[in-house]
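The values are calculated or read from the model by the stated rules, or taken from the named source; none is laboratory data. On a predicted model such as this, the values are computed, not experimentally measured, just so you know. Using ideal geometry, Cβ is built from the backbone for each residue, glycine included, and neighbour counts are taken over all protein chains shown. The area values use the complete protein model at the heavy-atom level, side chains included, leaving out ligands, DNA and RNA. Shrake-Rupley method; radii C 1.70, N 1.55, O 1.52, S 1.80 Å.
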Protein chains: 2
Amino acid sequence: MSIKQEMIEKLYLQKSEGDEELTNNRKKLVSNWFENLRDEICSSFEKIENEFSKEKEKIVFKKKKWDRNGGGGGTISIMKGQVFEKVGVNISTVYGEFSEQFRNQIPGAEKNGKFWATGISVVSHMCNPFIPAAHMNTRFLITGEGSDKKIWFGGGGDLTPIFEDKNMSHIFHNGFKESCNKYNETYYPNFKKWCDEYFYLPHRQETRGIGGIFFDYLYNNDWDKDFSFVKDVGKTFLNSYVDIINKRINRKFDELDRKNQLIKRGRYVEFNLLYDRGTIFGLKTGGNTEAVLMSLPPMVLWP
Amino acid sequence: MSIKQEMIEKLYLQKSEGDEELTNNRKKLVSNWFENLRDEICSSFEKIENEFSKEKEKIVFKKKKWDRNGGGGGTISIMKGQVFEKVGVNISTVYGEFSEQFRNQIPGAEKNGKFWATGISVVSHMCNPFIPAAHMNTRFLITGEGSDKKIWFGGGGDLTPIFEDKNMSHIFHNGFKESCNKYNETYYPNFKKWCDEYFYLPHRQETRGIGGIFFDYLYNNDWDKDFSFVKDVGKTFLNSYVDIINKRINRKFDELDRKNQLIKRGRYVEFNLLYDRGTIFGLKTGGNTEAVLMSLPPMVLWP
């Protein structure tokens, strides 16, 4: 049985998860945390950008709020600089009812389609081809209602270097490994494997990058512990990525390196538009197009 | 009833379409014609390219053959120049059996999944933002066997300008309209509507370009007439497009025009990877990745 199937089965063993008040508290706790994490990521990235670029005018994230037809909304934060060619940090809290078409694809939503979801997404495409592109997402979902209610966390982070190097890979993977091991020693090997399987382009027979971790349907009958793990995933991603950026920020590159980077980005686009569940789901269920496609690289070559 | 449903229903009224010998002759006739059309398109485009660019070394299409696992193969022809930033002309003749998953999506293939298909595809992305990108495809399909055999043609052509202009639109649409009217006065209005509906990006609420014609499941119990129409579609596309190129080849453009072109190309990528049946079908049924993704523009911006 795949780890995905295992986790979905465990999700269905979920019993009543407290009353409305407890649920509402958790909704607030998680969405506030994602907002704080967004602020922390943005200020870390702005610090790196401005220390490097030394522009007269400080380069900052530009924020844009959006409302969702059907309930909820989010905020896009985008920065374009000389280190970060284009980096987006989105948060959103959305709710409503899935269409008939999508109900059976989402655990717990089968009966009445009701859902509530909050999440954060980070995607960065860098100027310097020696600094990898990065992606992180964590989310908290509630589907159904009453005794049929299901709650879970999902998320992960992965890295897309143009040029692999062992040191970079070690920093990124080891960070996640250590965080995972604090909670459950099966997490890292399972979530790493899931990540490798997920970020794969069959038509190219290539992985999107060097992986990381990917998990979904995380529910352990110990909500505080699960939430704590999800917080660690976000913090670990930020720490590892900042470390990797700082180690490579002054590395010289030439036109050919840059060309290879722009070609590699094509694979990123192919993956996101052909296979990424979040992207396809977002676009086909009336999500905010600008927020969903924030992930697309600023410049791409298919020579 | 949509035109698509109407044509599929007509397809199922198809009775025996002659013996093996007749079928084999038709296969040869059509695939030879596509090869000739490929040659004609390539030499017309090479003539335009070299008259304009005046390079010492003649710019030509580079050809690459590929074989398909499961039966058949094709030839990719690609030229990169100073008029044609990237233009591909692919021909292919493939056959075999559709997987269980795809059988029910292809008329006539329900029973045993057998198919034989030949086609030509043209996609051009131009250096000058005032010359539109163009796409043309025609194909001949045979599915099933014996008395269950279904044969039909499909195809069309459409234009993706960055800056619309009425003269360009008139040349392109009127060319198809005149060709269509020689065969059936319902073709142009029906196939134009089908094209508009097909090349639409719901997540952007935008059309991909200014349309043209799109048809599938064309079967009229008069094979020679259908084939003649398909030949006219190819020739008309070439004549109209060459006319449009020549009228705009010397038009001056600036950096902003170019930027707008590269952004518009992003929509082209989004359409092809998210919605285009041929692309998704090709990639998910083990088609030749290089041939299928020949359609992607050489350089794209998602700023």
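Observations on the structure shown:
- Over 30 Å between alpha carbons, listed pairs A:Lys86/A:Lys231; B:Lys64/B:Lys177; B:Lys80/B:Lys284; A:Lys58/A:Lys225; A:Lys252/B:Lys65; B:Lys64/B:Lys193: B:Lys64/B:Lys177; A:Lys58/A:Lys225; A:Lys252/B:Lys65; B:Lys64/B:Lys193
- Mean residue ellipticity (222 nm) of chain B, computed from DSSP H runs ≥ 4 via -39,500 (n - 2.57), nearest 500: -14500 deg cm²/dmol
- For region A:26-174, the share of alpha carbon pairs falling in successive 5 Å distance bins from zero is 2, 9, 15, 17, 17, 14, 11, 8, 5, 2, 1, 0 percent.
- Rolling a 1.4 Å probe over the protein heavy atoms gives region B:3-295 an accessible area of 46 Å² per residue.
- Buried solvent-accessible surface, both chains (A, B), 1.4 Å probe, Å² to nearest 100: 2000
- Binning all Cα-Cα separations of region B:238-281 at 10 Å, short to long from zero, yields these whole-percent fractions: 23, 28, 39, 10.
- Placing a label point 7 Å from the Cα of A:Asn167 along the Cα-to-Cβ direction, the distances to the matching points in the other copies come to 6.0 nm, shortest first.
- Dipole-positive endmost among B:Met1, B:His135, A:Gly71 within the protein assembly as shown (Cβ charges, Cα centre): B:His135
- Residue closest to axis [chain A; rotation mapping onto B; Cβ; Å]: A:Leu273, 2
- Descending Cα extents along the principal axes, region A:167-278, whole Å: 52, 34, 20
- J(HN,Hα) series, region B:32-39, from Karplus relation 6.51 cos²θ - 1.76 cosθ + 1.60, nearest Hz, glycine and proline x: 5, 4, 4, 5, 5, 4, 4, 4
- Taking all protein chains together and rolling a 1.4 Å probe, A:Glu270 ends up with roughly 0 Å² accessible.
- Neighbour net charge for A:Thr160 - beta-carbon separation under 9 angstrom, K R +1, D E -1: +3
- Here B:Lys114 sits with roughly 80 square angstrom of accessible surface, probe radius 1.4 Å.
- Computed over chain B with a Gaussian network model linking Cα atoms closer than 10 Å, the most mobile of B:Leu293, B:Leu262, B:Leu13 is B:Leu13.
- Helix B:223-248 and the longest principal axis of the Cα set of chain B meet at an angle near 10°.
- Per residue, the convex hull spanned by the alpha carbons of region B:3-295 comes to 126 Å³.
- Relative intensity, log₁₀ I(q)/I(0), of the protein assembly as shown from a Debye sum that treats every alpha carbon as a point, q = 0.06, 0.07, 0.08 Å⁻¹: -0.37, -0.50, -0.65
- Choice from B:Thr143, B:Thr289, B:Thr93 with maximal GNM fluctuation in chain B (Cα, 10 Å cutoff): B:Thr289
- Rounded to the nearest whole Hz, the Karplus-based 3J(HN,Hα) values (6.51 cos²θ - 1.76 cosθ + 1.60, θ = phi - 60°) of region B:130-145 follow the sequence 8, 9, x, 6, 9, 9, 9, 8, 9, 8, 10, 10, 10, 10, x, 7, with x at glycine and proline.
- Accessible area of A:Asp224 (1.4 Å probe, protein heavy atoms only, ligands and nucleic acids ignored): about 110 Å².
- Inter-copy spacing of B:Leu13 label points, which lie 7 Å from Cα along Cα→Cβ, given in nm from shortest upward: 6.1
- Net charge over other residues, Cβ less than 13 angstrom from the Cβ of A:Asp148 (K, R count +1; D, E count -1): +3
- Mean-position separation - Cα centroids, region A:125-171 and region A:94-120, in angstrom: 21
- Here the spin labels are modelled as points 7 Å beyond Cα on the Cα-Cβ line, and at B:Thr23 and B:Glu51 they lie 4.5 nm apart.
- When you restrict to C-alpha pairs under 8 Å that are six or more residues apart and normalise by the size of chain B, the relative contact order lands at 17 percent.
- Overall, the accessible surface of region A:75-142 at a probe of 1.4 angstrom is composed of carbon and sulfur to the extent of 50 percent.
- Global form of region A:16-80, assessed from the alpha-carbon gyration tensor, a/c cut-off 1.5: oblate
- Near A:Ser43, once Lys and Arg are set to +1 and Asp and Glu to -1 for all other residues with Cβ below 15 Å from its Cβ, the sum equals 0.
- Other copies of B:Lys28: label-to-label distances in nm, shortest first, labels 7 Å along the beta-carbon direction: 8.1
- Magnitude of the charge dipole, chain B, Cβ model with Lys/Arg +1 and Asp/Glu -1, debye to 20: 680
- Among the lysines of region B:1-48, pairs that are 8 or more positions apart or on different chains and have alpha carbons within less than 22 Å of each other number 4.
- In sequence order, calculated HN-Hα J values of region A:261-274 (Karplus, 6.51, -1.76, 1.60; Hz; x Gly/Pro): 5, 5, 6, 4, 4, x, 5, 4, 5, 4, 4, 5, 7, 8
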